[in-house]
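Throughout, read-outs are computed from the coordinates displayed, never taken from laboratory work. Bear in mind that the values here come from a model prediction, so they are computed numbers and not experimental data. Glycine gets a Cβ as well: all are built from the backbone with ideal geometry, and neighbour counts include every protein chain shown.
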Amino acid sequence: MKKYINIICTIFLFILLSASSYCQAIRLFAGRYTEDGGKGLFVFDLNREEGTFKLLSEADAGPNPSYFCISKKKELIYAADEVMEFNSVKGGGLTALRYNPQTGGIEKIKDLLIPNGGPCFISLSPREDYLLMANYSSSSIAVVKLDDKGIPVKVTDTISFASDDGKVSHPHMISFDPMGKKVYLTDLGLDRIVVYNLNAVSGHLKQIENGIIPFARGSGPRHFAFNSEGTKMYVICELNSTISVFDVDENGGLKSIQTLSTLAEGFKGESNCGDIHLGNNGQYLYGSNRGENTIVVFRIGIDGQLSPQGRTSCGGNWPRNFVIDPSGKYILVGNQQSGDISLFKIDEKSGIPLETSKNYKLSTPACLKFLN
């Protein structure tokens, strides 16, 4: 009998500790545009249940750190500085920062000039030996080599894209697939995705055979997300407010299987899509509409195709970026024009974010990330 009591007590203690751990604050990172002269990178302890944000630190991450990525070791942060002149030299910027998990403090350790300029997206290679950067304003992409300590060393490759049929290239997102095999680039200006191999020795990108996937003219593919197996790719298009679903073959090729609108039926205003993410359980897909100012939700079928599930107000104006917390139960939205971060709890039954009044004021938020 005593043995069973001990087992029950152990289970009860485990449940209490789990609940306590769940309610504890989680680290949230936020990057912003810095035209107002303020600092660009912030670290918060977020209590999701209470909806409270405790600012731990803020740092100079260079001008306009509009997007950043975090190493798996959670000690280094790499920010893309979205400017056309960096340290008084023509080009964009990359700023590397070190993060202290004990204090939440961050400090700049190095910066690097990125040729051409205007970087709006940055991502890490699976082995964390290279950074990939999409330079929206200069119609180019860049690859940056990292040393064995994760410090940026040099730019190993740049590719510039020429105008085509009167359209100007605007690279917007560049990242590996979940398996770490291929590199995918969305070119919003030329309405296409380009697929590459990355040479791990030279740091050069090479387009694969049949590696250009065209989109409808004027659609503006912006960001993408994969399912966990890497067999489906979901692309949100900024200019025509659609999401396209692709089958991904074993060679990295894409085959379009579905396209549908992100806007409510009958919506008449002007709207541009912003960001896209899968829910943690893989059952729902989320997208942001800047203009309609909503987070739209789609259910993902067994075949990977989408069906509309619902939508919620973004809690502010111009939802540029959003992130789902590691538990999969909360979503935070960075509303660029209204200058706030909105916290939503996700309804477990429908997957739809619930209406909220839990906002934190932060001027021009552009990128939100958790430590997973």
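Based only on Cα atoms, what mean projected area does the convex hull of the range 103-159 have, in nm²?
4.6 nm²
Can you tell me which lysines have their Cα less than 27 Å from the Cα of LYS255? Leave out same-chain residues fewer than eight positions away.
In chain and number order, the partners are LYS167, LYS181, LYS182, LYS206, LYS232.
Contour minus end-to-end for THR52 and GLU229, with contour as 0.36 nm per residue of separation and end-to-end as the Cα-Cα distance? Before the final figure, lay out each step's value.
Details: separation 177, 0.36 × 177 = 63.72 nm, distance 3.49 nm.
My answer for the length gained is 60.2 nm.
Placing +1 at every Lys and Arg Cβ and -1 at every Asp and Glu Cβ, with all other atoms neutral, what dipole size does the range 138-231 have around its Cα centre, in debye to the nearest 20?
Taking the Cα centre of the range 138-231 as origin, the dipole is about 120 debye.
Note the full-extension length gain between ALA264 and SER363 as 0.36 nm times their separation in residues minus their Cα-Cα distance, in nm to one decimal.
Once the chain is fully extended between ALA264 and SER363, it gains 32.8 nm.
Give the Cα extents of the range 226-318 along the principal axes, in whole Å, largest first.
Over the range 226-318, Cα extents along the principal axes are 40, 25, 19 Å.
Based only on Cα atoms, what Rg/Rh ratio does the range 60-160 have, Rh being taken as Kirkwood's radius?
0.95
Under the 0.36 nm per residue contour assumption, what length would be gained going from the current alpha-carbon distance of LYS72 and VAL153 to full extension? Walk me through the numbers on the way to the answer.
Values: separation 81, 0.36 × 81 = 29.16 nm, distance 1.89 nm.
Full-extension gain reported as 27.3 nm.
List the lysines whose Cα lies under 18 Å from the Cα of LYS329, skipping any in the same chain that are fewer than 8 positions away.
LYS345, LYS349, LYS358, LYS369
What is the fewest-to-most order of LYS358, LYS73, LYS349 by other Cβ atoms lying within 10 Å of their Cβ?
LYS349, LYS73, LYS358
Between SER313 and SER202, take the C-beta separation as r, use R0 = 41 Å, and let me know the FRET efficiency to the nearest 0.05.
Step by step, r from the Cβ atoms, then E = 0.30.
What trypsin sites (Lys or Arg not before Pro) does the range 111-171 have in DSSP loop regions with at most 12 other beta carbons within 10 Å?
Passing both the DSSP loop test and the Cβ count: ARG127, LYS149.
Using only Cα atoms, figure out Rg for the range 155-222 and give it as a multiple of 2.2 N^0.38 Å.
Its radius of gyration relative to the 2.2 N^0.38 Å reference: 1.13.
Given 37 °C and 0.692 mPa s, how large is the Stokes-Einstein diffusion coefficient of the chain in µm²/s, with Rh as the Kirkwood radius over Cα pairs?
154 µm²/s
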